[in-house]
1. If you go through the range 11-40 one residue at a time, how many are outside any helix (DSSP H, G or I) and either open to solvent by 100 Å² or more (accessible area, probe 1.4 Å) or of a type in the set (D, E, K, R) (or both)?
2. Enumerate the pairs (first residue in the range 44-68 and at pLDDT below 70 and hydrophobic (A, V, I, L, M, F, W, C); second residue anywhere and assigned to a helix (DSSP H, G or I) and surrounded by 10 or more Cβ atoms within 10 Å (Cβ to Cβ)) with beta-carbon separation below 8 Å, excluding pairs fewer than 6 apart on the same chain, so at least 6 apart or on different chains.
3. Take the range 41-53 and flag every residue that is exposed (fewer than 13 other Cβ atoms within 10 Å of the Cβ) and over 9 Å from the mean Cα position of the chain (by Cα).
Amino acid sequence: MSDDLDWNFAGRDDAKAEIRAAVEYLLRGVTGSARADVVREIIEIVSDVANGLPAGQPNPLDDGFPGG
């Protein structure tokens, strides 16, 4: 994880609460297949962070086809 980000979380539980609030915000009013698309985007963001990719950078191993 980048040291460039200086978040002021009280701890892990506080950080998780912020993530939950952000997810709820992104899903607010979204239904059906659009909701699934938003969830997929969230999972991609988490995956990029876990793999150390900078924000907004495409995954060089993603060929755009289903199945990874």
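The values are calculated or read from the model by the stated rules, or taken from the named source; none is laboratory data. Keep in mind it's a predicted model, so treat the numbers as computed, not measured. Positions of Cβ are backbone-derived with ideal geometry, glycine not excepted, and every protein chain shown enters the neighbour counts. Side chains are part of the model used for accessible areas, which takes the heavy atoms of the whole protein and leaves out ligands, DNA and RNA. Shrake-Rupley method; radii C 1.70, N 1.55, O 1.52, S 1.80 Å.
1. Going through the range 11-40 one residue at a time, the tally reaches 2.
2. Partner pairs satisfying both residue conditions: none exist.
3. Correct list: Ala50, Asn51, Gly52.
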